[in-house]
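The values are calculated or read from the model by the stated rules, or taken from the named source; none is laboratory data. What you see is a predicted model; the values in this text were computed from it and never measured. Using ideal geometry, Cβ is built from the backbone for each residue, glycine included, and neighbour counts are taken over all protein chains shown. The area values use the complete protein model at the heavy-atom level, side chains included, leaving out ligands, DNA and RNA. Shrake-Rupley method; radii C 1.70, N 1.55, O 1.52, S 1.80 Å.
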Amino acid sequence: MNKQEAQKRIEQLRRIINQHNYSYHVLDKPDISDAAFDSLKHELYKLEQEYPDLITSDSPTQRVSGKALDKFEKVKHKKRMLSLEDVFYLEEFEVWQERIQKLVPNQKLDYFAELKIDGFAISLIYKKGIFIQGSTRGDGQIGEDVTQNLKTISSIPLNLEIYDKFSSGDIEKKVKEIIEKGKIEIRGEVYMAKDAFEEVNKEREKQGLSLYANPRNTAAGSIRQLDSKVAASRKLNFLAYDIITDLGQETHQQEHEIARALGFSTGMESYCKNINEAISFWEKVGKTRDKLPYQIDGVVISVNNNTVFNKLGVVGKTPRGAIAFKFPAKETTTVVEDIVIQIGRTGALTPVAHLKPVRLEGILITRATLHNEDEIKRLDVKIGDTVIIQRAGDVIPDIVKVIKKLRTGKEKRFQMPEQCPICNGKIVRPKGEVVYRCVNKNCNSIQKQQITHFVSKKGFEINGLGPKIIEQLINEGLIVDSSCLFSLTRGDLIPLDRFDKKSADNLIKAVEKSKNISLSKFIFALGIRHVGEETAIALAHYFGSFDKLKKTSTEELSSIEDVGEIVAKSVNQWFNNIKNNQFIDRIIKSGVIIQKQKLVKRKLINITFVLTGELDKLTREEAKTRIRELGGNVSSSVSTKTDFVVIGKEPGSKYDKAKKIGVKIINEKEFLKIIK
Ligand code: IVH
């Protein structure tokens, strides 16, 4: 993407993000998921990082969203309500830790980890122990007074009492004193439990009303409307995570203890003496989060020592000393680079979207299924579109939605082919069915055979890709033809039956290794009719480079020794087929390097060798290849047509036969001289 294109994309992204922001924060009616929204924001952020001079002060990356509505009284926060920086991957989390450690090099850091509840941030003020004011975050400085609504939430105490013991006598004394005389500010999250959310939606469905998108927005919407009866009917909850007032607490952990002692709930939490313990907590929560009664989207990890936390300071709207370590999103956005037809076991033609690689739930995704032509029409997806993809436990993700506002006009409509793209056979769409099928019974097996040939020892030599695995990859829609092998990822393979992490790694490594290939092996792998190993070698030696071979004529081909007219025609026809050229382009694009063939004098033309016994300096295969490279033939049996029998250690019966019929016998030394 050049700068001009980046600018256009940035402007489009800003427009769409602002609009979604409004639907989300002001109307509480999001039209795309949080994860997809995050993904768009991330794309904008990345582009702005690449072109920093395109950053403007009103870009959505430059402010915390959430605008105070006019309908409530404004409240100025005594201490700004901050936000948190997000990280999604372990590496990013470790980078955060290293960064802060560098800022306080002599400090042994310990942490406090807690749940990041997917709710709505609230500040509560208690005066002389009585709940007097509750407000939303708003823009961080000024929020809205939503005290009446908050009072309806039974987990928010209306007056503070000391319910539990304190671990520190000093703190207890100070808390008591302030409860009696002063003000205490506590912050936390208002949320709606999953079952309460379902109940609300069931009720709305009964009444024919539109359904709420998620518990977070329902909670926010309930707090930010004027009629407190609505809030009261909504079964909202509150979890505390921060105490703003100085009650003598020295650590974040103590703030949680104080909150609990005063009758607030806090979520699952853990003191972590080092970063590894924090990572373990994140992993543990990630595994069980679906079982929690409320939605969380990550874990908040804070530097436990408050003095150090404050020393680390604030950058923009986020404190350096805390981070939201999020769980991998189940949705993300990416671009459809191509739509390719895959033929399944039953001959069904399935369109598959080839995507710009993107990580989803920690796995690199390169394809999404489009199911059938009707689905393409329903989604109205075009090549070049930005789309939202989702993994719903399946191997291959679905496209949920096209973000049409990001279209540039260059997107291309996909046309279902009129013939089978594999065998060029007839395709039919039976009445009442949504899928087209190739009716050529052999079609799929031809495709399988072609791929098997492509990866065989004489071709790309990809170990670990047997016929069963090839069939599985085809049926899962991961490969359509051999060119797709080069874009397979670990993430494609790990979920499959026959694979685990190790075998997936091995196969990916074997594919990578195969990418550097000799010209003759490459020509062989293409599976051109009548082009076996010897012809492939002959062609490689005559042309030296693949480009020269591609451009040749039937006449030139027929003039090559060892290449007859039939072979010449077949080679020429193969290269004249546009699909074959596209196939080659795809292979080259995925990083395959075809080595140039050193042009050697083919001095052994028409000379036939037979090999017997073990050679010292060469393997049998190497000897054969060398003979062929020099234009010679290798035969497996001795006859009067044999020119040389090469004998190694412990020669077999071929040696005896050669002696009997008087064929010239040479030892390894003499042979090496000939092939030098
Ligand atoms: S700490 C210094 N702890 O996440 C920042 N926030 O992205 C104060 N949230 O605005 C936030 N659970 O609405 C903190 N255990 C938790 C949280 C939490 C949810 C929300 C909160 C905040 C947002 C930051």
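Scanning region 155-199 for residues that are away from the ligand (no atom under 16 Å from the Cβ), touching a residue at least 12 places away in the same chain (Cβ under 8 Å) and of a type in the set (Gly, Ala, Ser) gives 167, 168, 182, 196. For region 517-568, a tally of residues being in contact (Cβ under 8 Å) with a residue 12 or more places away in the chain, touching a helix residue (DSSP H, G or I) at 6+ places or on another chain (Cβ under 6 Å) and open to solvent by 30 Å² or more (accessible area, probe 1.4 Å) returns 8. The set of residues from region 406-435 being surrounded by 14 or more Cβ atoms within 10 Å (Cβ to Cβ), within 28 Å of residue 36 (Cβ to Cβ) and free of Cβ contacts under 8 Å to residues at least 40 places away in the same chain comprises 407, 411. Would you check if residue 368 is part of a strand (DSSP E or B), free of Cβ contacts under 8 Å to residues at least 40 places away in the same chain and under 16 Å from the mean Cα position of the chain (by Cα)? Spelling it out, residue 368 is indeed part of a strand (DSSP E or B), free of Cβ contacts under 8 Å to residues at least 40 places away in the same chain and under 16 Å from the mean Cα position of the chain (by Cα). Residues in region 165-179 that are open to solvent by 90 Å² or more (accessible area, probe 1.4 Å) and over 22 Å from residue 79 (Cα atoms): 165, 167, 170, 173, 176.
Considering each residue of region 226-243, count those that are within 39 Å of the chain's Cα centre (by Cα) and part of a loop (DSSP other than H, G, I, E, B), and give that number. Within region 226-243, residues that are within 39 Å of the chain's Cα centre (by Cα) and part of a loop (DSSP other than H, G, I, E, B) number 2. Taking residues in region 292-313 that are open to solvent by 30 Å² or more (accessible area, probe 1.4 Å) and modelled with pLDDT of 95 or more, and partners anywhere that are within 13 Å of the ligand (Cβ to nearest atom) and in a strand (DSSP E or B), the pairs with Cβ atoms closer than 8 Å and at least 6 places apart or on different chains are 309/302; 309/303; 309/319; 309/322. The test for being out of contact with any helix residue (DSSP H, G or I) (no Cβ under 6 Å at 6 or more places or on another chain), open to solvent by less than 30 Å² (accessible area, probe 1.4 Å) and at pLDDT below 75 holds for residue 68.
The set of residues in region 81-118 that are part of a loop (DSSP other than H, G, I, E, B), acidic (Asp, Glu) and within 14 Å of the ligand (Cβ to nearest atom) comprises 85, 118.
Scanning region 496-526 for residues that are assigned to a helix (DSSP H, G or I) and among the hydrophobic types (A, V, I, L, M, F, W, C) yields 504, 507, 508, 510, 511, 519, 522, 523, 524, 525. Within region 267-280, is even one residue touching a Pro at 6+ places or on another chain (Cβ under 6 Å) and open to solvent by 30 Å² or more (accessible area, probe 1.4 Å)? For region 267-280, residues touching a Pro at 6+ places or on another chain (Cβ under 6 Å) and open to solvent by 30 Å² or more (accessible area, probe 1.4 Å): absent. Among the residues of region 314-336, count how many are away from the ligand (no atom under 12 Å from the Cβ) and either of a type in the set (Ser, Thr, Tyr) or at pLDDT 95 or above (or both). Going through region 314-336 one residue at a time, the tally reaches 5. Considered as a group, the residues in region 643-662 that are part of a loop (DSSP other than H, G, I, E, B) and over 58 Å from the mean Cα position of the chain (by Cα) include one that is nearest to residue 606 (Cα to Cα), and that residue is 643.
Residue 546: touching an Asp or Glu at 6+ places or on another chain (Cβ under 8 Å) and not β-branched (Val, Ile, Thr), yes or no? Answer is no for this residue. Here region 207-265 is the region considered, the condition is being touching a strand residue (DSSP E or B) at 6+ places or on another chain (Cβ under 9 Å), away from the ligand (no atom under 16 Å from the Cβ) and among the aliphatic types (A, V, I, L, M), and the residue that is farthest from residue 322 (Cα to Cα) is 262. Among the numbered criteria (1) of a type in the set (Gly, Ala, Ser); (2) open to solvent by 50 Å² or more (accessible area, probe 1.4 Å); (3) closer than 20 Å to residue 525 by Cβ, which one does residue 662 miss? Exception for residue 662: condition (3).
In region 134-149 there is no residue that is buried (at least 18 other Cβ atoms within 10 Å of the Cβ), within 13 Å of the ligand (Cβ to nearest atom) and within 18 Å of residue 304 (Cβ to Cβ).
Could you check region 119-133 and list, in sequence order, the residues that are within 16 Å of the ligand (Cβ to nearest atom) and not hydroxyl-bearing (Ser, Thr, Tyr)?
Those that are within 16 Å of the ligand (Cβ to nearest atom) and not hydroxyl-bearing (Ser, Thr, Tyr): 119, 120, 121, 122, 124.
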